[in-house]
1. What are the semi-axes of the equivalent ellipsoid for the range 384-469, taken as the square roots of 5 times the Cα gyration tensor eigenvalues, largest first, in whole Å?
2. If the chain between residue 275 and residue 317 were fully stretched, how many nm would it gain, using 0.36 nm times the residue separation less the Cα-Cα distance?
3. Between residue 391 and residue 32, how high is the FRET efficiency from 1/(1 + (r/R0)^6) when r is the Cβ-Cβ distance and R₀ = 45 Å? Nearest 0.05.
4. Looking at the square roots a ≥ b ≥ c of the eigenvalues of the Cα gyration tensor of the range 218-479, which shape do they give, rounded for a/c under 1.5, prolate if a/b is larger than b/c, or oblate?
5. With a 10 Å Cβ neighbour count serving as the proxy for reagent exposure, in which order, fewest first, do 406, 44 appear?
6. Work out, in µm²/s and without decimals, the Stokes-Einstein translational diffusion coefficient of the range 224-320 at 4 °C, 1.567 mPa s, Rh from Kirkwood over C-alpha pairs.
7. So which trypsin sites (Lys or Arg not before Pro) in the range 38-127 are both in a DSSP loop and have at most 13 other Cβ atoms within 10 Å of their Cβ?
8. Once the dipole of the chain is set up with Lys and Arg at +1 and Asp and Glu at -1 on Cβ about the Cα centre, which of 271, 326, 343 lies farthest towards its positive end?
Amino acid sequence: MTNLKEKTIRGGAARMFAQGVNFALRIGSLMILARLLDPKDFGILGMVTAFTGVLSLFRDFGLSSATVQRSKITKDQISTLFWINVLFGAVLALLTAASAPLLAAFYHEPRLTAVTLALAAGFLFNAAGVQHSAVLQREMRFTALAVINVAALLISSAVAIAGATIGYGYWSLVAMNVLSPVVTTLGLWGTSRWMPGAPRRCSGLRSMMRFGGTITLNTVVIYIASNFDKVLLGRFWGVEAIGIYGRAYQLVNIPIENLNSAAGEVAFSALSRLQGDLERLKNYFLKGYSLVLTLTLPITIACALFADDVVLVFLGAKWKAAGMIFRLLAPMILVYAIANPLSWLLSSIGLVGRNLKIAFFIAPSMIASYLIALPYGPKGVAFAYSSVMLLWIVPLISWALRDTVISPRDVFTSVSPLFVSGLVGGAVAIGAHLLYQDRLPPLLRLSIDCTTLLVTYAGMILLVMRQKSFYSDILRGLKRPSPARTAGVGSLSNPEPVLTRVE
C-alpha cells in the first residue's frame, strides 16, 4: 500500500476542491431562489422530501458501501448487486407514487399529490448509478466523481433558477430534485464505462447484503430522528413555519453535507484498505479526524456568532426570522463533524452493528426532545435538537471507540489544540465585530468578521499550537508525483475476474 497515502491526499484534495465549488453553487442557487420564491414554495417541497428522504435511504440498501469495503469482489457480484439496486429503486418509486394522496391528506395540502408523483421518478435514476459510483470509489477516482457531482448540481440549479424566473414557483424546485440524479447517473455510466452483466447466484452476496442492510437501517434510524422535527413543525405549525425552519436547516446542512461527502468517501475507501494494518489505520484516522475538525470549527463558530448577517447575506431580508433558528442549529455542524468520522471508522473495519446500536439509543432522545419543545415553535425545536446532540458527544466517542485500536484520549489529544484555537479566534472576531456593528453593511461586516476569525484561528494553530508540520506533510503529499491511476487498483476492465484492494 505504498501509494495509498498519496492517493488518499490527492483524492481528498480533489473532493475538497469540488465540494468548495459545490458549496458555492448551492449557496449561490439558494441565494437566488430565496429571492425568487416564497417560503411557502420551499415549504411545499419540504413536506414531501421529509417523507421521500426516508425512502431514498433505501435506494442502494448499503450495497455501494459493501462493494467499497470488500477487499476482493468479482464482476458477477457487482452485476448482481446492480440489479438488486434497480429492483429496490423500482419498488421505492412505486411506494412514493402510492403515497401521494396520503401525504396530501396528512398535510391538508392537495398540491402535494402532483409533486410527490414527479419526485418518484428520481428513485429509478439514483438506483441505476449506485454500483457505478462504487466502482469509481474502489479505484479511488475521486476527481471524476467530483466533476460529475458538480456538473449535476450546476445543471439542475440552472434549470431551477430559470423555472423560478419565469414563474413556475415550487415546480422549479421539483425540477431541480429530479434532474440532479438523472445527470449524475449519466455521468457515472459514461465515466466508469462498466456495463452490468446478467444477475447470477454468487458466493458472498449474503454477507454483503447483511452488511449493506445494517448500514441502511442505521441510516434510516438517524434520518428519521434528524427529520422528524420538520414533520412535526409542518403538521402543527404550518407551511410558513416549516419553510423558514427548513431554510435555516438547509443553510446549516450545506457545510455538513459538503464535508461529509468530500471526506467520507475518501476516508471510508482508504480505511477499508487498511483493515489489516492497525497502526496505519490509527494514524490515518487521527490525521483525517483532525483535518475534518480543522475545517469545521471556524464554520461552526462563524455561523453561531454571526447568524443574523449570514441569513441576511445568503437568504435576504424577508428571511430575517430564520436568523435565530440558524444560530440555534449551528452547533450541529460541529456535532456531525465529530460523529461522522467515527461512523466511517466502524464501517470500514466491519463494526456496522455497533453503529446501529448507537443510533437506536440516540434516536429516541432526539424525538422526545422535539415533542417536548414543539409548543415553543421552530426556535424551541431548534434549541432542543442541538442541546440533546451536544449532550451525546462524549458518550458517543467512548462507545464508538471501545475495544478499537484508537482510544478517546487519542482523539482528545489530536483535537484539543483546534478547540483552543477556535475559542481564541471566536473571541477576537466577536471583539472586532463589536467595534463597528451596525456601521457597516451586512456583506462587508460578515466578510471582515470571517476574515478576522480565520486569520486568528490559523495563526493559533500554526504558530502557537505548533501544528505546522502536520499541514506541511499534507501539502507535500499533494506535490508528489502521482502513480498511474490504475496501478495497484482492481479494475472491471482488467482481464482478471477479481477486483483487488488498492496497493
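Rule-based calculations on the coordinates, nothing more; no lab input. Not measured: the values here are computed from a predicted model. With ideal geometry, Cβ positions are generated from the backbone for all residues, glycine too; neighbour counts draw on all protein chains shown.
1. 33, 19, 8
2. Here the segment from residue 275 to residue 317 would lengthen by 10.0 nm.
3. Once the sixth-power term is evaluated, E becomes 0.75.
4. Because a/c hits 1.5 or more and a/b fails to exceed b/c, the range 218-479 counts as oblate.
5. Ascending number of Cβ neighbours within 10 Å: 406, 44.
6. Details: Rh = 16.1 Å.
In µm²/s, the coefficient rounds to 80.
7. For trypsin sites (Lys or Arg not before Pro) across the range 38-127 that sit outside H, G, I, E and B with at most 13 neighbouring Cβ atoms in 10 Å, the list reads 72.
8. Farthest towards the positive pole: 271.
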